[in-house]
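Below: the structure, in structure tokens.
The values are calculated or read from the model by the stated rules, or taken from the named source; none is laboratory data. Since the model is a prediction, treat every value here as computed from it, not as a measurement. As a convention, Cβ positions derive from the backbone with ideal geometry for all residues, glycine included, and neighbour counts pool all protein chains shown. Each accessible area value is taken on the protein alone, full model and side chains, heavy atoms only, with ligands, DNA and RNA left out. Shrake-Rupley method; radii C 1.70, N 1.55, O 1.52, S 1.80 Å.
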Amino acid sequence: MRLSVITAFLAGTVLPIAAMILMGAGGTVKSPTGTAPDRYAYYPGTEDLDKDEIRLIACGTGLPAARRDQAATCFLAELGNGDKFLFDVGTGSMANVAALMIPYDFLDKVFLTHLHTDHWGDLATLWAGGWTAGRTKPLRVWGPKGATPDMGTAYAIENFLKAYNWDATTRNFVLSAEPGKISVTEFDYKAVNAVVYEENGVTIRSLPAIHAGDGPVSFILEYAGLKVVIGGDTFPNKWYIEHAANADLAIHETFLTPPDLVRLYGQSPGQAIAVGTQIHTSPQAFGKVMSKIKPRHAVGYHFFNEQATHDNILRGVLQTYTGPLSLAVDNMVWNITKEKITERMIVSPDQAWAVNGPNKPPKPPARGSLPDPISDFIKAGRWQPAEQAQAPMVNEFKKEHGLP
Ligand SMILES: [Zn+2]
Ligand SMILES: [Zn+2]
């Protein structure tokens, strides 16, 4: 990690009421041809992770309704041992994930807190997009059971694949079917602090959450003596209070204030108070949770974060909590070690391409081994002048690459 300047500056301080985006500032430029000092920004793919370090990236922090500058919930944890975990993959979040230019083979593990679309709506993008862009193996999804089988993650994924049958069948004809598979590990949503994943020095536990119906959970990630809590949608609950205590970094939702739900989201006052204070967490309640569990760093999310909403939420939080805090926006990143926690913003390309990983792509199916999804009737409609127009280009390309 090459954060010497800012980490020294921020060590142990992470801005007392730092609900702000760090700006590029500070340092001394020593030569007109030399480099500038650290810019308080993270450029993906330019920094090694230390063995005992976690990099946590907010790839979605918003709401179910679409907004161009804020996708729905998605956090990516990158660990010093090379493991990466997606916690939720909410609608729109894959554009932020893709801009990190991480090979899709490294993005094969997804943990779902619950099955609202703002927490898994972009699974389709990860599934099909990753399949076309270099993932060589099936996706692995972990998520809670429901109170009945049809409310659980396995049911959701089984029927997700059925809904995308046309997509899968047409891709299977030209690509290996292997990366298009999804394996599901379901676990009991009522189990408290139960291990749902344990491999390679990483433990992930789940906690019940109180949100809209039975099923939702929060996760605790433990690695290298560090504890990161990824809170899903919930009203503050006793399980989080007990087991998220003393986390290095604790994420918990904090929802829009009831007046803002009325003013900006068009909700009735009755609906606003029910949604904002009964199945989600108000800013005051969020602050109370953080004052109780005392993480090294607290992260609030799950609202459209603009000046007015941010300030209104911060005012509420400060009534009950004044410790280290980020009110997250998309592309915020935290580097977490025993010594320090730094918060920065990511600078990444809008026009990122997929990056190949180390694994060779699996072989496509042999010709004739699967029924052709295009019928003779449809094939007979090909417009010949178009074939003729492209023929010289096609022939040249085939010759160059030795294709039949
Ligand atoms: Zn939800
Ligand atoms: Zn949500």
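Remarks
A quick yes/no check of all residues on (1) part of a helix (DSSP H, G or I); (2) buried (at least 16 other Cβ atoms within 10 Å of the Cβ); (3) within 16 Å of ligand 1 (Cβ to nearest atom):
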position	(1), (2), (3)
Pro259	yes, no, no
Arg263	yes, no, no
Val299	no, yes, no
Thr322	no, no, no
Trp334	no, yes, no
Pro349	no, no, no
Pro358	no, no, no
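- Ile241 being open to solvent by 20 Å² or more (accessible area, probe 1.4 Å), out of contact with any Lys or Arg (no Cβ under 7 Å at 6 or more places or on another chain) and more than 16 Å from ligand 1 (Cβ to nearest atom): no
- Residue match in the stretch 102-109 (condition: over 14 Å from the mean Cα position of the chain (by Cα) and either among the polar types (S, T, N, Q) or more than 16 Å from ligand 1 (Cβ to nearest atom) (or both)): yes
- Of the strands (runs of 3 or more DSSP E) lying entirely inside the stretch 97-194, those containing at least 1 residues that are open to solvent by 10 Å² or more (accessible area, probe 1.4 Å) and among the polar types (S, T, N, Q) span 182-187.
- In the stretch 182-213, the residues that are aliphatic (A, V, I, L, M), more than 15 Å from Gly152 (Cβ to Cβ) and away from ligand 1 (no atom under 16 Å from the Cβ): Val192, Ala194, Val195, Val202, Ile204
- Set side by side, the residues Ile220, Ile230 differ, and just one is within 16 Å of ligand 1 (Cβ to nearest atom), under 16 Å from Ala298 (Cα atoms) and touching a residue at least 24 places away in the same chain (Cβ under 8 Å), which is Ile230.
- The residue pairs whose first member lies in the stretch 111-134 and is over 22 Å from Thr169 (Cβ atoms), whose second member is within 11 Å of ligand 1 (Cβ to nearest atom) and not in a loop (DSSP other than H, G, I, E, B), and whose beta carbons are closer than 6 Å, counting only pairs six or more residues apart or on different chains, are Leu112/Trp120; Thr113/His119.
- Looking across the stretch 265-280 at every residue that is within 16 Å of ligand 1 (Cβ to nearest atom), assigned to a helix (DSSP H, G or I) and open to solvent by 20 Å² or more (accessible area, probe 1.4 Å), the one that is farthest from Gly300 (Cα to Cα) is identified as Gln271.
- Close pairs (6 angstrom Cβ cut-off, 6 or more residues apart or separate chains): acidic (Asp, Glu) in the stretch 260-273, open to solvent by less than 50 Å² (accessible area, probe 1.4 Å) and in a helix (DSSP H, G or I) anywhere: Asp260/Thr309; Asp260/Asn312
- Breaking point among (1) without any contact (Cβ under 8 Å) to a residue 60 or more places away in the chain; (2) away from ligand 1 (no atom under 16 Å from the Cβ); (3) aliphatic (A, V, I, L, M), for Leu56: (1)
- Some residue of the stretch 309-318 being in a helix (DSSP H, G or I), touching a residue at least 24 places away in the same chain (Cβ under 8 Å) and of a type in the set (D, E, K, R): yes
- Index of the failed condition, Gly80 passing every other in (1) open to solvent by less than 10 Å² (accessible area, probe 1.4 Å); (2) more than 13 Å from ligand 2 (Cβ to nearest atom); (3) more than 30 Å from Lys363 (Cα to Cα): (1)
- Residue match in the stretch 375-392 (condition: under 30 Å from Ile57 (Cα atoms), at pLDDT 95 or above, out of contact with any helix residue (DSSP H, G or I) (no Cβ under 9 Å at 6 or more places or on another chain) and loosely packed, with under 10 Cβ neighbours inside 10 Å): no
For (1) buried (at least 17 other Cβ atoms within 10 Å of the Cβ); (2) over 25 Å from the mean Cα position of the chain (by Cα); (3) away from ligand 2 (no atom under 16 Å from the Cβ), each residue gets a yes or a no:
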residue: Ser282; (1), (2), (3): yes, no, no
residue: Gly287; (1), (2), (3): yes, no, yes
residue: Lys294; (1), (2), (3): no, no, yes
residue: Ile313; (1), (2), (3): yes, no, no
residue: Ser326; (1), (2), (3): yes, no, yes
